[in-house]
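Everything below concerns the one structure shown next.
Each value in this text was obtained by applying a stated rule to the coordinates, not by laboratory testing. Predicted model, so just to flag it, every value in this text is computed and none were measured. All Cβ positions, glycine included, derive from the backbone under ideal geometry; neighbour counts span all protein chains shown.
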Amino acid sequence: MHGPKGEELPAAMLFCCNMNAVRSPMLYGLARLLYRSHVLLDSCGVHVGQADPL
């Protein structure tokens, strides 16, 4: 699979962080902007809980 500039892309990317509250959704959004529909993207968390509001 190749991107818009001809670069080779992975078939899928999974972004994982503690609670899927900040880091992985942010990276997911950036990757979606960069790769659009060329790569299957998803994000997840490894722990269940409330995000720290601070």
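The simple spin-label model puts a point 7 Å past each Cα toward its Cβ; for Leu33 and Ala11 those points are separated by 2.9 nm. Extending 7 Å from Cα along the Cβ direction at Val22 and again at His47 yields two label points whose distance is 1.2 nm. Where only DSSP H runs of four or more residues are counted, the chain gives -7500 deg cm²/dmol as its mean residue ellipticity at 222 nm, each run worth -39500 (n - 2.57).
The candidate values were [x] 3.2; [y] 4.1; [z] 3.5; the one computed from these coordinates for mean projected area of the Cα convex hull in nm² carries the label [y].
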